[in-house]
Each structure stands twice: as structure tokens, then as C-alpha cells.
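I have placed the structure first, in the form of C-alpha cells, so that the comments after it can refer back to it.
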């Protein structure tokens, strides 16, 4: 078995116990207002009046489906504010902007600790907290398809060589945004297409810079396009359907770019849209629309070099997207408030072994050593076969204390080794403390009862 060990002083030991084919980065495309049924060939769509809507004519997305992991049912929680974006970022159904800003609360916090550069290109979903979570951001401060005002903001380490290059590129895109939009006739569907293309083009150009100038940097790029939802609101189902058809052709260059550069491409949405009938304008958040299946079921399409084509028919929640993305990258940790369920789509899994002090570690299977490490307190082990029995043995160097556990690994997981206090005896253990408290309470109750009996007898 292949076993590659990398020890980074003061950080952790990384051990590749088997082939992982982990992508070098990921592009997460969040298409505001895109319902799953409108693009998933296996699903039907209906208007609120129960009439069947004609699906958009797509030629490229079906081909992508044949190579991707496709989820049929990803349901969003109650819609409010930026809730869909915040749920994706944190893995928490009740996430709001404030939660996103907490330490280690977002997916960006987790990947950054693994050396990823976080990049945001947002037409919507760009709350102050989300912008601050990314190392560099290009975002529209007006959320307007007619008068976009794009700005560039940097929160990351300005000493990184690639950030000035990205900043210059983003500033170029920002300066051209308004003129590009105004080059299309006002009020036409072409203006919606152009607005979406602003973000797609910025993503393509930034990938080129990263691959040409800094190939060793892993990155997590979030791209948000917003014209589809606006088209559904102002141009009805016809405009909404036209925007989806345009997205079908627009996504091809981005898809190929990701394939060429060993990047994962993830397509999802904050929520879908529903329409009263085929001629009416659509909506999502008011009571009239919010419970419709076309609003609540959003796409989750994952193309990654380490994931085979598959269709997942079980129902999951939008809060599950965050742990699924991290699992795709082979990262065991989760955001602090994440309540999403694990779903490992790969053929391998990863574990993180943590100890309070310097520890030696050995992982074996069927009596044969898989990998081992020493002189560290944190070990990341990737490339482990799923559904296989492993035995983890650790020895804490300072005390000689040993720890042994049998593992059957299906998903990424964190294993924390806790050293027992030798001075703790039976009288101070948590269990005996509970017995002591219980005994005192019983004594108090008995004493109270005897006092009452004595008073009655005396009377």
C-alpha cells in the first residue's frame, strides 16, 4: 500500500495511506433562484395552479450530469434574508449573517486552516460577514443588473504573491462591469445574460492567473450569479427559462477549465422559484411560493476527479452541503455550528487524530501496518478504504499512556485522544461525584421527613 508522510513542523503530520486523487481546489457556483426540477432530467416541474411547465431546452447540462454526482432532493429550510447562502456556508439550518462571522463558523474558516486561499465573486449573497470570510472578493455593492458597482476587497494575507495579481484582475473586471451591461439594450433578456457573464468571466480569468502564477496554492472559490432570480421575478417563466438555457451554454467553458486544472466544480443554489402559471411572474419567499417543491428543492451537482458518476435519490437538507463539500476535499473538520449529515461520495475516507501532547501513532488492518507516525500531536490520514476495519494505536510520549480503538470508517472523522489524570481516584471520578451528590440529597430528604414526623408526634 502507498504511504506518503509529510511532517510540517509545528503544524501536523499528513499521511497519504492510499490513492486519493483529491482536487487541487474547488469552484462552487451558486445560481440564485435555480430550482432543481428545472434542470434535473429525472424531475417534473409544475406551476402553483398545478399545470405542468415546459422545461428549458438544455444540451450541455445533461452531458455534465453523465459525469457528476447528482442529488435529486436537496431541501432548503425556511427562507429569510440570505438564509440559503448562510446555510451552505455554515452547515446550520438557522444560520444568519452574525453566525457566519463567528470564529470557525464557516466552511471558509475550515479550508483556510488547510492552506486554501478563499476567493469570492458575488453578485448577491455578499453580506459584510461573508466578504470578511474570504481572502479576496469581487462583489456588486448594488445588486443591480442595470447599474452594477463592483468593488474589490482583500481580507487575507497581503504578502501572498498571487493576491496582487488577482486584485489587479478583479479591478479590471470591476471597471468594465457597467459598460458591459450598458452595451446591451435596456429591458432585454440579453442584459440578464451579460450580468451573469460578469461573474463567470471573472472566475475564468482568476483561475488562469492561479494556475499560471501559483500552481501550488489550493483554493476555494465561490461564484454567485443572480440574474436568473431577477429574470423570474420581472420577466416571468419565459425569461426565467431563457436564462437557464443561456446558463446551459455559459457553464461549458467553466466546466472545461475546471477539468483541465484538476478542480472540482459544484453547482447549487440558495433556493428555487415557483410560478402561479406559465405566463405569470415568479417568487420564492412569500407564503404564496415558499412551500412549493420548485422553491424548496435545489440542485447539488458535484464534478470532481475523486468522485465517480452517481445519482443520489435520498433526501438531504441544504445544511448537508457544507460537510459534503469538505468531504470531497478530504477534510475531516467541520464548522463549529454545522449540523449537516455526512455523505462521503468518494471511495476513500480521511481521519484526523488529535492528542493533547506529542504522541506516536500506528494504524493497522488485519494485523498489517497501514501507516505510522511519531513526534507530533496531530495526524491527518487520507486514502483509507471505506467500510474496512482498522485498529488505531497511540502512545503519549510523556506518560507512556496507550490508547487503542477499532475503527470502521465510512465518513471523514476526527478522533481526539484524551489523557486520563493519574491522580484522579475513585472518590473524585465524575461517576462517584454523582453518587455523592445523590447521597447528600437523599440524606436531606430523609432528615426533612424525620423533622416533620417529630413535629407531628410532639403536637
Any chance segment 177-184 includes a residue that's touching a strand residue (DSSP E or B) at 6+ places or on another chain (Cβ under 8 Å) and more than 19 Å from residue 146 (Cβ to Cβ)? no
Might you check whether a residue that is surrounded by fewer than 21 Cβ atoms within 10 Å (Cβ to Cβ), in a helix (DSSP H, G or I), at pLDDT 95 or above and within 26 Å of the chain's Cα centre (by Cα) occurs anywhere in segment 232-244? no
Please pick out the residue among 293, 297 that is over 14 Å from the mean Cα position of the chain (by Cα), surrounded by 23 or more Cβ atoms within 10 Å (Cβ to Cβ) and at pLDDT 95 or above. 297
From 58, 79, residue being more than 21 Å from residue 328 (Cα to Cα) and at pLDDT 95 or above: 58
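One line per residue, one yes/no per condition, for (1) outside any strand (DSSP E or B); (2) free of Cβ contacts under 8 Å to residues at least 24 places away in the same chain; (3) surrounded by fewer than 16 Cβ atoms within 10 Å (Cβ to Cβ):
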position: 256; (1), (2), (3): yes, yes, yes
position: 259; (1), (2), (3): yes, no, yes
position: 266; (1), (2), (3): no, no, no
position: 271; (1), (2), (3): yes, no, no
position: 280; (1), (2), (3): yes, no, yes
position: 288; (1), (2), (3): yes, no, yes
position: 301; (1), (2), (3): no, no, no
Counting only residues that are out of contact with any helix residue (DSSP H, G or I) (no Cβ under 9 Å at 6 or more places or on another chain) and surrounded by 15 or more Cβ atoms within 10 Å (Cβ to Cβ), give me the strands (runs of 3 or more DSSP E) lying completely in segment 362-417 with at least 3 of them. 368-385, 389-396
Given the conditions (1) out of contact with any strand residue (DSSP E or B) (no Cβ under 7 Å at 6 or more places or on another chain); (2) modelled with pLDDT of 95 or more; (3) surrounded by fewer than 17 Cβ atoms within 10 Å (Cβ to Cβ), which single one is not true for residue 311? (1)
Taking segment 209-225 and keeping residues free of Cβ contacts under 8 Å to residues at least 12 places away in the same chain and part of a helix (DSSP H, G or I) leaves 212
Please specify each residue of segment 113-146 satisfying the condition of being within 25 Å of residue 333 (Cα to Cα), surrounded by fewer than 23 Cβ atoms within 10 Å (Cβ to Cβ) and in contact (Cβ under 8 Å) with a residue 40 or more places away in the chain. 113, 114, 115, 116, 118, 125, 127, 133
Of all residues in segment 168-194, which are touching a helix residue (DSSP H, G or I) at 6+ places or on another chain (Cβ under 9 Å) and outside any helix (DSSP H, G or I)? 183, 184, 185
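The values are calculated or read from the model by the stated rules, or taken from the named source; none is laboratory data. Since the structure is predicted, the reported quantities are computational estimates derived from the model, not experimental observations. Cβ: placed from backbone, ideal geometry, glycine included. Neighbour counts: every protein chain shown.
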